[in-house]
Amino acid sequence: MSEQNAVLDEFMQGLIRRNPGEPEFHQAVYEVAQHIIPFTMKHPKYEQNQIFQRLTEPDRIVSFRVCWEDDQGHVRTQRGYRVQHNNAIGPYKGGIRFHHSVTQGILKFLAFEQTLKNSLTGLPMGGGKGGSDFNPKGKSDREIMRFCQAFMTELSRHIGPFTDVPAGDIGVGGREISYMFGQYKRIRNEFTGVLTGKGISYGGSEIRTEATGYGVVYFMQDMLATKGQTFVGKRCLVSGSGNVAQYAVEKINELGGTVVAMSDSSGTVYDKEGITAEKLAHVKHLKEVQRARISEYLTKYPNAEFYEGKTPWHIPCDLAFPCATQNEINGEDAAHLVRNGCMGVSEGANMPSNQDAITTFQKGGLLYAPSKAANAGGVAVSGLEMTQNSMRISWSRDELNTRLRNIMSDIHSKCVQYGKEEDGNVDYLKGANIAGFVKVGEAMLAYGVV
Ligand code: NDP
């Protein structure tokens, strides 16, 4: 075993021992450590000051009980969390997830990733993540409101515009952010930019809703350009049908690609004629208004097919955009994609590809954009929402879209700067990990031992 591998191995063993039962956190740290440990061995100032070790320990984790009453008058109890991971370069910033699968370990992985992602955006934001094991599916609007208010009643003690600024994530969209913002305002009696993703008429930013999905596609556009290619004529798979997926599809259509699949946790819709703008509007209606299952797509478009319980990865495509959840592509799925001629993957969801899948993509010579780079557009526009709130101004849609486009290109350039190999290929994962780490690491060095 090489010295680097031995150090990596020992580091991971210690991390797993200190964080038992948190496989997603171990996975996320390993994905970064494989590049950062060799990097810090070449740059001893980071190693001597234990910068990476410190970065794998959140600043703090708040965990709390959330009690609320359902429509039948039953008292329900959920668990809420906020992981304040690292504020070396700005206030903690990261989404809130409401999903029955939420655990502290999942939020630790997301907060760790968020710190590096936020660093990549070039904006002054630290990393955090929060959420609850509350399951919003099937809940009435009033139940959602009561839960959001109960959740914020405790969370409000721990956040603030200079401390920690949460946003949306799975199960938390405009409606939930608004209920939480309303409750914060009521408790604290102050109107501040404490949450992002707000409605336009009360401090929200244009393009925030679209930003993550658009950014994922912009990043792919930049990767394709390095090969002299564009979206025109490319057949694309998009998993999920929520916020990120919807706007990834919208932008792919605009750029001349054809999306042939979308999904949700019940299965995949395959529409070989393409999910056009009109069909996408129907998906948005199904998901945002009717809160229905993706299979309902066939009621209006019966030529499409529905694969119950299946992900889209067995369908032949040129480009793939996982936009649902973590670990939705395993090694076998990745092998299908490579065999079927897929040439690029841009990750909208956080850590959607497991380690086997990443290795398969890289061995297969695909353009592979890791989530911390590809989906950073959402938090970048959240950062711009914070700026607008502080300045008490609103930028136009065009202005914000231009800023988003430039930020995605900057992130692409940083990945190339740190990830270019001797053979000229770019390891985007390595590039994103090192570029994200260096900025946070330099700030931590400057602060001394804190
Ligand atoms: P939404 O809740 O809007 O949509 C999530 C979509 O993914 C739904 O279609 C959902 O299906 C599907 N999904 C969720 N969990 C699973 C699962 N376990 N198996 C299969 N499908 C699943 O969330 P977002 O679009 O906001 O988030 C999607 C991903 O993007 C997440 O990984 C999130 O962390 C990441 N992300 C989001 C950002 C944002 O700005 N919103 C920013 C950066 C990253 P169903 O409705 O059936 O549950």
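The values are calculated or read from the model by the stated rules, or taken from the named source; none is laboratory data. Computed from a prediction, not measured in an experiment: that's the story for all the values here. Cβ: placed from backbone, ideal geometry, glycine included. Neighbour counts: every protein chain shown. Protein only, heavy atoms only, side chains kept; ligands, DNA and RNA dropped before computing areas. Shrake-Rupley method; radii C 1.70, N 1.55, O 1.52, S 1.80 Å.
When the stretch 414-447 is limited to residues that are outside any helix (DSSP H, G or I) and in contact (Cβ under 8 Å) with a residue 60 or more places away in the chain, the one that is most open to solvent (accessible area, probe 1.4 Å) turns out to be N425.
Check whether at least one residue in the stretch 403-411 is within 20 Å of F112 (Cα to Cα) and outside the structural domain of G213 (by TED's automatic domain parsing), and report yes or no. The answer is yes; a qualifying residue exists. Contact annotation: residue pairs with Cβ atoms under 8 Å, 6 or more positions apart or on different chains, pairing a residue in the stretch 31-52 that is hydroxyl-bearing (S, T, Y) with a partner that is open to solvent by 50 Å² or more (accessible area, probe 1.4 Å), are T40/E47. Restricting attention to the stretch 292-318, the residues that are open to solvent by 30 Å² or more (accessible area, probe 1.4 Å) and in contact (Cβ under 8 Å) with a residue 60 or more places away in the chain add up to 3. Per the conditions (1) open to solvent by 70 Å² or more (accessible area, probe 1.4 Å); (2) at pLDDT 95 or above; (3) out of contact with any Gly (no Cβ under 9 Å at 6 or more places or on another chain); (4) of a type outside the set (A, V, I, L, M), the sole criterion not satisfied by K284 is (1). Pick from the stretch 364-397 the residues that are of a type in the set (A, V, I, L, M), surrounded by fewer than 24 Cβ atoms within 10 Å (Cβ to Cβ) and part of a loop (DSSP other than H, G, I, E, B): which of them is farthest from the ligand (Cβ to nearest atom)? Here the answer is I393.
The residues of the stretch 78-87 include none that are outside any strand (DSSP E or B) and open to solvent by less than 10 Å² (accessible area, probe 1.4 Å).
Residues in the stretch 400-413 that are open to solvent by 70 Å² or more (accessible area, probe 1.4 Å) and in contact (Cβ under 8 Å) with a residue 60 or more places away in the chain: D410 alone.
The rows are residues; the columns are (1) under 17 Å from Q355 (Cβ atoms); (2) open to solvent by 30 Å² or more (accessible area, probe 1.4 Å); (3) of a type outside the set (S, T, N, Q).
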| position | (1), (2), (3) |
| --- | --- |
| M1 | no, yes, yes |
| D9 | yes, yes, yes |
| P20 | no, yes, yes |
| F25 | yes, no, yes |
| M41 | no, yes, yes |
| Q50 | no, yes, no |
| V75 | no, yes, yes |
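Only one entry of E31, E3 meets the criterion of being acidic (D, E) and farther than 22 Å from M444 by Cα, and that entry is E3. Answer yes or no as to whether N243 is within 14 Å of the ligand (Cβ to nearest atom) and not assigned by TED's automatic domain parsing to the domain that holds R175. Yes: the conditions hold for N243. Is it the case that the stretch 180-193 has a residue that's crowded, with 17+ Cβ neighbours inside 10 Å, at pLDDT 95 or above and within 19 Å of the chain's Cα centre (by Cα)? Checked against the condition, which is being crowded, with 17+ Cβ neighbours inside 10 Å, at pLDDT 95 or above and within 19 Å of the chain's Cα centre (by Cα), the stretch 180-193 yields no hits at all. Summed over the stretch 102-112, residues that are over 15 Å from A167 (Cα atoms) and touching a residue at least 60 places away in the same chain (Cβ under 8 Å) total 7.
Out of A225, A248, one residue alone is near the ligand (Cβ under 10 Å from one of its atoms) and either over 27 Å from A292 (Cβ atoms) or within 21 Å of the chain's Cα centre (by Cα) (or both). It is A248. For the structure I just gave you, tell me whether V238 is within 16 Å of the ligand (Cβ to nearest atom) and β-branched (V, I, T). When the stated conditions are applied, V238 passes them. In the stretch 95-108, the residue that is nearest to the ligand (Cβ to nearest atom) out of those that are crowded, with 24+ Cβ neighbours inside 10 Å and closer than 16 Å to S63 by Cβ is R97.
Listed here are the helices (runs of 4 or more DSSP H) enclosed by the stretch 1-71 that have at least 2 residues being over 22 Å from V438 (Cα atoms), modelled with pLDDT of 95 or more and over 27 Å from the mean Cα position of the chain (by Cα): 3-18. Reported count of residues in the stretch 138-171, each being small (G, A, S), open to solvent by less than 10 Å² (accessible area, probe 1.4 Å) and outside any strand (DSSP E or B), is 1. Going through the stretch 343-363 one residue at a time, which ones are under 21 Å from G233 (Cβ atoms) and open to solvent by 10 Å² or more (accessible area, probe 1.4 Å)? M343 - this is the single residue of the stretch 343-363 that is under 21 Å from G233 (Cβ atoms) and open to solvent by 10 Å² or more (accessible area, probe 1.4 Å). The sole residue among V29, V66 that is in the same structural domain as M180 (by TED's automatic domain parsing), within 30 Å of R208 (Cα to Cα), among the hydrophobic types (A, V, I, L, M, F, W, C) and surrounded by 13 or more Cβ atoms within 10 Å (Cβ to Cβ) is V66.
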